[in-house]
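For reference, the structure is listed below as structure tokens.
The values are calculated or read from the model by the stated rules, or taken from the named source; none is laboratory data. Treat the numbers as computed from the prediction; the structure is a model and nothing was measured. A quick note on method: Cβ atoms are made from the backbone with ideal geometry, for glycine too, and the neighbour counts reach across all protein chains shown.
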Amino acid sequence: MKRISTIYMLSPLITLIMTLTMVSCSKDDIHITKALNEEINIFPDYKDIIIPCNIAPMNFSVRDSDNYCVIIKGEKNSFWVHSDDGLFEIPQNKWKALLKENKGKKIAFTIARQQGNEWYAYNSFTMEVANDSIDKYLVYRLIPPYEQWLKMGICQRNLENYEQEPIYENRLTDYNCVNCHSFPMQNPDKMLFHMRAKDANGTVLINQGKVQKINTKTPETISNLVYPYWHPSGKYVAASTNIFHQSYFYNHDDRVEVYDINSDVVVYDIENRELLSCNVLNDKHVFETFPSFSPDGKSLYFCTTPALDSVPDHISKMKYSLCRIDFNPETRTFGAEVDTLFNANKDGRSINFPRVSPDGKYMIVTLTNYCNFSINHKDADLFAIDMKTGKLTTLDMLNSDEAESYHSWSHNSRWIVYSSRRIDGLYTRPFFSYIDKNGVAHKPFLLPQKNPVKFYSDFMFAYNIPEFVKDKVKVNPHKIAEVMSNRHAGTNLTFKE
């Protein structure tokens, strides 16, 4: 393979044309001879994005299976990848070295197609390599869409390569429901999720690889813990308790609606095995849900809507506001006053999933026209709230005509991952976006796969609740099944208001 000239590596289109004959991209010494000045579509759309400096190779495909070549070049070095089936599979060792050499810089991609004995080049595109890394692992639940969930599991994916392995699969406990996993500050050593089953019902608490079964339903609460969020200290978990129903619609864009008929918020004190609450969080005239803590652990955010007597008949009136209350982790007490940060009555929309960046500067939320199960709402979009000014801004770069819903932050506050149905309107897939220091969200990109076209065409599971963790979750799935299947195991909690 001939070396690409320095002038080509600096390359605007004119310079590219001048040096095309100097570029070789096969063992047969085939030269690019002409610039087409045309765009070429690729899947996934990785054009002109910002990527982490430790992300897996961003493999992509073109539509047909002609002979293609892509030249990938950084500031100093370059290499090429050949394809005769449309897939460009980037060697991981070369990719890793290229990212390391080009932090804070752009990598250029030039795709060329063979026509007869000549090679024609399409317009180049770039990927900018951020100085900021992304958390090494992503944890998510894999589930068939629309509640056909006989088989499901919570899995973890190494974002530096394509390795995925299960944390837990429901086949180990008679295909029960497994849901709502959560970690404190992206810490993989502590984890919480719930299991609904006849013999293995309860909440799973994992601490340094040790598994404990918790019975989180008390006589004073309406249900087990449902939507959890850890306190940054790792000593508390805020969670909602919900009684919810679902309805199916045959002549509506939103095919399924899940809605509360009752809900409250509690804080689980892990060391003292108590559920803490107060009048504001346990108001019978209000539905409270989706709690989350601030990064300093002194504020508890939650979403509220007035209680309705006949929810299905008036579901369009269910619009959730965003509230905040003080929380003192030392005294385990709540403040007396509640701040309303987003008033659904004034705005006319419903808010959910408040998530504050670890640096405390921004909160990302999901807004829908009504209700709170945004994953099933085509109108669901992501918005940002400036935590200093309280200003609400739409994240247009991240939104589509399909549902954008659950989201979480990386530990360095530079990356978010969120669920989107933008590809086909049916399956939720994880998309990532770089959030710069000014809070600007940049063009999102789909979770990389070794063969993305084949994978996303054939894979019949949706990604649910994507959560960053800094490293691998180390726990034995069979130990979880053993502990949870023991009817005589389980720690009971007390309620304190």
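Scanning the range 55-74 for residues being touching a helix residue (DSSP H, G or I) at 6+ places or on another chain (Cβ under 7 Å) and assigned to a loop (DSSP other than H, G, I, E, B) gives a total of 3. ARG487 meets the conditions (1) touching a residue at least 60 places away in the same chain (Cβ under 8 Å); (2) surrounded by 15 or more Cβ atoms within 10 Å (Cβ to Cβ); (3) part of a loop (DSSP other than H, G, I, E, B) in every case but one. The failed one is (2). Picking from residues in the range 177-215 that are in a loop (DSSP other than H, G, I, E, B) and modelled with pLDDT under 95, the one that is nearest to TYR236 (Cα to Cα) is GLN208.
Yes/no per residue for (1) hydrophobic (A, V, I, L, M, F, W, C); (2) surrounded by 17 or more Cβ atoms within 10 Å (Cβ to Cβ):
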residue	(1), (2)
ASN158	no, no
GLU165	no, no
SER182	no, yes
LEU192	yes, yes
VAL211	yes, yes
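Against the condition more than 30 Å from LEU138 (Cα to Cα), at pLDDT 95 or above and not assigned by TED's automatic domain parsing to the domain that holds HIS411, how does GLU101 come out, does it pass? Criteria not met by GLU101. When we screen ASP339, ASP313, ASP381, ASP396 for residues that are in contact with a Lys or Arg (Cβ under 8 Å, 6 or more places away or on another chain), of a type outside the set (Phe, Trp, Tyr) and either closer than 25 Å to MET185 by Cβ or without any contact (Cβ under 8 Å) to a residue 24 or more places away in the chain (or both), the only hit is ASP339. At pLDDT 95 or above, small (Gly, Ala, Ser) and farther than 21 Å from ASP260 by Cα - does that describe any residue in the range 375-390? Yes, the range 375-390 has at least one match. Residues in the range 419-435 that are assigned to a loop (DSSP other than H, G, I, E, B) and either of a type outside the set (Ser, Thr, Tyr) or more than 14 Å from the chain's Cα centre (by Cα) (or both): ARG421, ARG422, ILE423, ASP424, GLY425, LEU426. Taking the conditions exactly as written (part of a loop (DSSP other than H, G, I, E, B) and either modelled with pLDDT of 95 or more or more than 13 Å from the chain's Cα centre (by Cα) (or both)), does MET460 satisfy them or not? Yes, satisfied.
Beta carbons closer than 8 Å, at least 6 apart along the sequence or on distinct chains, pair a first residue in the range 216-231 that is touching a residue at least 60 places away in the same chain (Cβ under 8 Å) with a second that is in a loop (DSSP other than H, G, I, E, B) and not hydrophobic (A, V, I, L, M, F, W, C) for THR216/ASN224; GLU220/GLU497; TRP230/PRO184; HIS231/PRO184; HIS231/GLY297; HIS231/PRO329.
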